[in-house]
Structures are given as C-alpha cells and as structure tokens.
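Down below is the structure, laid out as structure tokens.
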Amino acid sequence: MKKAVIITGTEVKGCTYHIKEAFLQELSGEYKATEFTLPKDMPHFCCGCKVCFFDSESRCPHAKSVMPIWNAMLQADLLVFAAPVYVMRVPGQLKALLDHFGCHWMVHRPDSAMFNKRAAILTQSVGAPNGAAQKDIATSLSWLGVPSVKRLGFGLMEGVIWDELSAQRKEKIIAKTKRFAKGFVGIKPAKKSLKTRVLFLVAKQLHKGLLKKEAKLSADNRHWVEQGWLKESK
Ligand SMILES: Cc1cc2nc3c(=O)[nH]c(=O)nc-3n(C[C@H](O)[C@H](O)[C@H](O)COP(=O)(O)O)c2cc1C
C-alpha cells in the first residue's frame, strides 16, 4: 500500500477538515494515511538557534515534534497539506513547521527521497484569493525538491462555519475535492522535474565552491560529500 502524510493547518473540525476528509476518502483504497494536525503536533516556532544548519536537525530543541513529521514525510509517496487561508497567507502554525524544514532545502541538506514525491495543497478562504497561501507551501516543497505539487483552493463565499454553508455549496466543494483526489489514484512516483534538477545543480555548484574555500567541512558540505554528490578534494 502507498503512504500519504496529511498535515492539516488547523485543529478546528470545520471547512478545512471536511475538505481534507473528502480528499482522504478517495485515497483510502490505495494509501495508508498518517495524519498530523497543527498546532497540536508541532506547537513551536523556530527559535533561530541554527543548530539544524550548523550541526544536525536531531539537536533542534523541537526535534521531538518535528522529526516524526519529517520522517513520515520521507517515507510517504504523497504529501498533503490542508489549510485555511489566514490574512491572505498560510496559517502561522503551518509556516512554523515549514521553517523547521529549512535545513533540508536544496541549498543545505536536501534528501533525495523528496525528489520523486507528489504533493497536494488544499486551501479555502471566505473569498480572498488562495494563491499566496498555497505559494507559501509550494515554495517550501519546491526547495525541498518535491517535483510535483498540485493545488486546489475554494472561496466559501457564504460564511466560515461548515454547518452553516448551503447544502448545494458543500456538495459542490466535496465533489470538486473528490475529483481532484482521483488524480492521485493509480499514479506512479513523479519524475524529477526540470525545476528540481536546476535547483540541485545550482546548489551543487555552490557547495563545490564552498568545499574548496572552507578549511573544515560544514554540516551541509559533509552531507553533499556523504551522499556522493560531491568529491572531497583535499
Ligand atoms: C485568523 C483568521 C484569518 C482569516 N483570514 C482570511 C482572509 O484573509 N481572507 C479570507 O477570505 N478568509 C479568511 N479567513 C477565513 C478562513 O480562510 C476560513 O475560511 C475559515 O477559517 C473556515 O475554515 P475552518 O473551518 O477550517 O477554520 C480567516 C480566518 C481566520 C480564523
């Protein structure tokens, strides 16, 4: 069975929750889902200590919350992010999680397990455009090396309480979400995209330069050498 990790950016069992549940229903025959809900499962802001960049993410003060999510993501075939739009952007709790993955961005210590994954972003707002919030997530996924990211967004228009939306509106949202979810059934892992290749090559050149200059290998440089992506020249 394939694996899906679902990260929901709110604990409210409202509109985001129902959209996420509809999406999961379509996947249930093919994917085993591991779910995380924010802020409950990762309630910390990055404190800026930079220990993840300079040493190891396992020494992050929030590793106990972050590592189970990251490890589940590494093992998953599909990454699903479901979130409401807050003030035109992604909710802070989701941004706080994404900040903790900065050390795995392409320019630092990317994990090749990300290079064939698919991702889905599900968002909704009352009426504001969803694009900027989706981009907050999509930007992180691109820099983590995920080659295929699909997005679906809704404007609820009638209100913010799921049970108060008209039956017709709810049916339309659920039907559209299920159609979107079907696009992830019966598919193979994604091929490395041109964007992923370019970001990798740019980062490789950067690390090649640093490797020549620096007397001592940084954690990032060591990763590139250990992965066999770069040769240590001295
Ligand atoms: C703090 C906060 C900020 C929000 N900002 C916006 C916004 O800028 N534009 C918008 O159309 N809806 C906004 N909303 C509404 C949400 O996008 C969403 O539609 C609503 O929270 C219902 O989703 P839920 O049941 O999953 O919480 C906001 C809601 C909250 C709680």
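The values are calculated or read from the model by the stated rules, or taken from the named source; none is laboratory data. The shown structure was predicted, so the numbers you read here are calculated from the model rather than taken from an experiment. Cβ coordinates were reconstructed from backbone atoms using ideal geometry, including for glycine residues, and neighbour counts include every protein chain displayed. These accessible areas exclude ligands, DNA and RNA; they are computed on the full protein's heavy atoms, side chains included. Shrake-Rupley method; radii C 1.70, N 1.55, O 1.52, S 1.80 Å.
Quick notes on this one:
- Filter result for Leu194 (over 21 Å from Ala82 (Cα atoms) and without any contact (Cβ under 8 Å) to a residue 40 or more places away in the chain): yes
- In segment 117-139, residue nearest to Phe81 (Cα to Cα) [restricted to those that are outside any helix (DSSP H, G or I) and of a type in the set (Ser, Thr, Tyr)]: Thr123
- The set of residues in segment 111-133 being near the ligand (Cβ under 9 Å from one of its atoms) and among the hydrophobic types (A, V, I, L, M, F, W, C) consists of Val126, Ala128, Ala133.
- Taken over segment 5-57, the criterion of being aromatic (Phe, Trp, Tyr) and in contact (Cβ under 8 Å) with a residue 40 or more places away in the chain is satisfied by Tyr17, Phe23, Tyr31, Phe45, Phe53, Phe54.
- Any hit, segment 63-71, residues being in contact (Cβ under 8 Å) with a residue 40 or more places away in the chain and either buried (at least 22 other Cβ atoms within 10 Å of the Cβ) or aromatic (Phe, Trp, Tyr) (or both): no
- Put simply, of Thr8, Thr34 the only residue that is of a type in the set (Val, Ile, Thr) and within 13 Å of the ligand (Cβ to nearest atom) is Thr8.
- In summary, helices (runs of 4 or more DSSP H) completely within segment 2-116 and bearing 2 or more residues that are within 20 Å of Arg151 (Cα to Cα) occur at 15-27, 92-100.
- Enumeration of residues in segment 169-196 that are aliphatic (A, V, I, L, M) and either within 16 Å of the ligand (Cβ to nearest atom) or part of a strand (DSSP E or B) (or both): Ile173, Ile174
- Checking each residue in segment 219-234 for being under 26 Å from the mean Cα position of the chain (by Cα) and more than 16 Å from Ser112 (Cβ to Cβ) picks out Ala219, Asn221.
- Extreme residue, nearest to the ligand (Cβ to nearest atom), among residues of segment 140-168 that are closer than 17 Å to Pro84 by Cα and open to solvent by 50 Å² or more (accessible area, probe 1.4 Å): Val160
Per-residue answers, yes or no, for (1) in contact with a Gly (Cβ under 7 Å, 6 or more places away or on another chain); (2) open to solvent by less than 60 Å² (accessible area, probe 1.4 Å); (3) in contact (Cβ under 8 Å) with a residue 60 or more places away in the chain:
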{"position": "Lys178", "(1), (2), (3)": "no, yes, yes"}
{"position": "Gly183", "(1), (2), (3)": "no, yes, no"}
{"position": "Gly186", "(1), (2), (3)": "no, no, yes"}
{"position": "Lys212", "(1), (2), (3)": "no, no, no"}
